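Trainee: I'd like to ask some things about the structure below.
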Ligand code: NAD
Ligand code: UDP
């Protein structure tokens, strides 16, 4: 397949491109580096199966030649990033998604939409099945991201229903692994970097809020299973192992040998209290479930951050 990956220079996009190239697909990567990095794809430059097109998908998405699939991962993703890029986040979720859907339509290509567990907001149903409509504050501090993704899902389904585009929507739950940026502000990054530096770990609020963390290789194998399936989704792809932030801190302290000091900082407004994917659909329809549990995934991730810090 010739696959367009929007957001391909980001954390997940670059791992996805590696996996697609490894199975023989050809890639066109679209990225404007607003939160991604050239370093994530530097190893691919010169690969004849890889084409890089630097640009903003909000402005245009013109790709020459045939396209078999369009995968839309373009969006700021960490709360720190989308808090600082609110309009850009809404634009890429709406106009950018529309431009990419039009590209898929013109080429009779599949369209894959990277949505998020944030569409469930601060969920009142736990764990979250795809049938849950969510509990989102449409004017809250996370709304630029949550509503952009909810709009992306709606737009994707509108192209599917009215224009017969073959679409696939994945709802991604907190994913971690090598190539995250050391300053992205996400909890796994902050805790590992703080622990490696011997600094206190910053627990927001009381630390009893929960998340379910998926190792990047598992997340990407879920994407490919969905891309190759006959499913439209939305389908949750995440690891159901659920941890409080205090538990996560404890594991990272143990694995890094950090002094283990915790400090509490204020909880961001509208911070979801709990999050855990119900992956029944992914198991039934894609034959997918995660293979790497949190401790093992962190053991694979900590050396990446150690090397990053050593390089300054
Ligand atoms: P990331 O910030 O590392 O990657 C996003 C990429 O999109 C970056 O390379 C960025 O430069 C690019 N981009 C953003 N706006 C663009 C635009 N207008 N034009 C072209 N490129 C643009 O984030 P990530 O963690 O790799 O997330 C990838 C996707 O997965 C995002 O859509 C995100 O919402 C979704 N997601 C990620 C997670 C997670 O845990 N990582 C969870 C839920 C959803
Ligand atoms: N968090 C924390 N300390 C940090 C960074 C985040 O306690 O240094 C908390 C944050 O308040 C949230 C959870 O960790 O409850 C996950 O945050 P992250 O930004 O990684 O992802 P999201 O909130 O989007 O799930």
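Trainee: Once the Cβ-Cβ distance between residue 43 and residue 261 is put in as r, and R0 is 41 Å, what FRET efficiency do you end up with, to the nearest 0.05? Before the final figure, lay out the partial values.
Mentor: On the way: r = 37 Å, r/R0 = 0.91.
Approximately 0.65, to the nearest 0.05.
Trainee: Size of the chain along its principal axes in angstrom, Cα-based, largest extent first?
Mentor: Cα spread of the chain along its principal axes, largest to smallest: 56, 45, 38 Å.
Trainee: Going by how many other beta carbons lie within 10 Å of each one, how would you line up 133, 288, fewest first? Can you show the working numbers first?
Mentor: Details: 133 10, 288 21.
In order of increasing Cβ crowding within 10 Å: 133, 288.
Trainee: Using only Cα atoms, locate the centre of segment 285-302 and the centre of segment 86-143, then give the distance between them in Å, rounded to an integer.
Mentor: 24
Trainee: Please give the length that would be gained between residue 293 and residue 18 if that part of the chain were fully extended, namely 0.36 nm times their separation in residues minus their C-alpha to C-alpha distance (nm, one decimal).
Mentor: The span from residue 293 to residue 18 would gain 96.8 nm if fully extended.
Trainee: Oh, and also: Can you give me the C-alpha center-to-center distance between segment 173-232 and segment 1-63, rounded to a whole angstrom?
Mentor: 21
Trainee: Based on Cα positions only, what radius of gyration and what Dmax would you give for segment 140-220, in angstroms?
Mentor: That works out to 17.2, 55 Å for Rg and Dmax.
Trainee: Along the principal axes of its C-alpha atoms, what lengths does segment 171-312 span, in descending order and rounded to whole Å?
Mentor: On the principal axes, segment 171-312 reaches 48, 34, 22 Å in Cα extent.
Trainee: Take segment 32-183, drop everything but the C-alpha atoms, weight them equally and run the Debye formula without solvent; then report log10 I(q)/I(0) at 0.09, 0.13, 0.14 Å⁻¹ to two decimals.
Mentor: Results for segment 32-183 at q = 0.09, 0.13, 0.14 Å⁻¹ read -0.31, -0.65, -0.75.
Trainee: Consider just the alpha-carbon atoms of segment 1-96 and return their Rg together with their Dmax, both in angstrom.
Mentor: That works out to 12.9, 37 Å for Rg and Dmax.
Trainee: Quick check: residue separation of residue 137 and residue 106 times 0.36 nm, minus the Cα distance between them. What number comes out in nm? Don't skip to the end; give the middle numbers.
Mentor: On the way: separation 31, 0.36 × 31 = 11.16 nm, distance 3.53 nm.
Full extension of this stretch gives 7.6 nm more.
Trainee: Take the Cα pairs of segment 229-280, get the Kirkwood Rh, then feed it into Stokes-Einstein at 4 °C and 1.567 mPa s and tell me D in µm²/s. Walk me through the intermediate numbers first.
Mentor: Numbers: Rh = 14.2 Å.
Value of D from the Cα-based Kirkwood radius: 91 µm²/s.
Trainee: Full-extension gain between residue 182 and residue 64, please, as 0.36 nm times their residue separation minus the C-alpha to C-alpha distance. Intermediate values should be presented prior to the final figure.
Mentor: Numbers: separation 118, 0.36 × 118 = 42.48 nm, distance 3.53 nm.
Length difference between fully extended and current span is 39.0 nm.
Bear in mind that the values in this text are calculations on the coordinates, not laboratory data. The structure presented is a predicted model; accordingly, all values stated were derived computationally and were not measured. All Cβ positions, glycine included, derive from the backbone under ideal geometry; neighbour counts span all protein chains shown.
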